[in-house]
Amino acid sequence: MKKLSFCTMASIGVFSAMLAFSPFKANADQVTLQLKGTGGQVSGPGDVYPYYFSVDGSNTTTPLMCISYANEISVGESWKATIDPIVGTLDEEAAYIFSQAGISAVVSQWANWELFDSAAKSDVPSGDKTAVNNLLADAALYVKDNPTSSLYSEYVIYVPVSGSQSENGLPQNLIGAKPDLAPEPGSLVLFGSGLLGLALLVNRGRRLRGVPCTTTSRF
């Protein structure tokens, strides 16, 4: 069996490394969201967390929390959104609040609405006002005491792309668990094929011109 030359092996190694760290690798930061439904829990003027979304056409829905109090969306509506990391005090407080949704979805939802829109404060149901205020205070204290907490990296914010919505009105900003995005096969194949082809072509050119890639000693 014909052995691959050192040049070819080195070229393939370089290709593999570049592929592993390639920007085409699927940490794509833009997705299409479609609202499939809610958890059915209503507080005040409308539904609260969870809002169930299909991400990029997935049949598995993802629960997200709305953080835009003034904007309205409807079941079936879709739009594009960028996936932003948790950065800055407000985002970090929102992440902490979202992490407490398992204790009380209603209180967490209102706390995040109020965090980003002070107008929501007047609409918080009277029975939840104290709990919402306490959660907001807890979030501020947590962020102050834990500036580098690993908690923040567990969540992301979905920011709508202007003009991409399928219906009238403005989509909502949402917060949720960091998604596990799958690689984009088409991009990887094209990128990989191009690099490998270039590596083999360069190696063939070297052999035709009689120029060695390296000099090695045999023992």
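Considering only residues of region 38-60 that are more than 16 Å from the chain's Cα centre (by Cα) and surrounded by 14 or more Cβ atoms within 10 Å (Cβ to Cβ), which is modelled with the lowest pLDDT?
So, considering only residues that are more than 16 Å from the chain's Cα centre (by Cα) and surrounded by 14 or more Cβ atoms within 10 Å (Cβ to Cβ), the one modelled with the lowest pLDDT is G44.
Here is a list of conditions, (1) outside any helix (DSSP H, G or I); (2) within 26 Å of L151 (Cα to Cα); (3) in contact with an Asp or Glu (Cβ under 8 Å, 6 or more places away or on another chain); (4) not aliphatic (A, V, I, L, M), and G40 meets all of them except one; can you say which number that is?
(2)
Limited to region 123-141, what total is found for residues that are buried (at least 18 other Cβ atoms within 10 Å of the Cβ) and under 26 Å from the mean Cα position of the chain (by Cα)?
3
So which residues in region 150-184 are surrounded by fewer than 15 Cβ atoms within 10 Å (Cβ to Cβ) and either in a helix (DSSP H, G or I) or of a type in the set (G, A, S) (or both), if there are any at all?
Within region 150-184, S150, S153, E154, S162, G163, S164, S166, G169, A177, A182 qualify.
Return the residue satisfying two criteria in turn: it lies in region 85-122 and is more than 14 Å from L174 (Cβ to Cβ) and among the hydroxyl-bearing types (S, T, Y), and of such residues it is farthest from the chain's Cα centre (by Cα).
S122
The values are calculated or read from the model by the stated rules, or taken from the named source; none is laboratory data. Since the model is a prediction, treat every value here as computed from it, not as a measurement. No Cβ is skipped: glycine too gets one built from the backbone with ideal geometry, and neighbour counts run over all protein chains shown.
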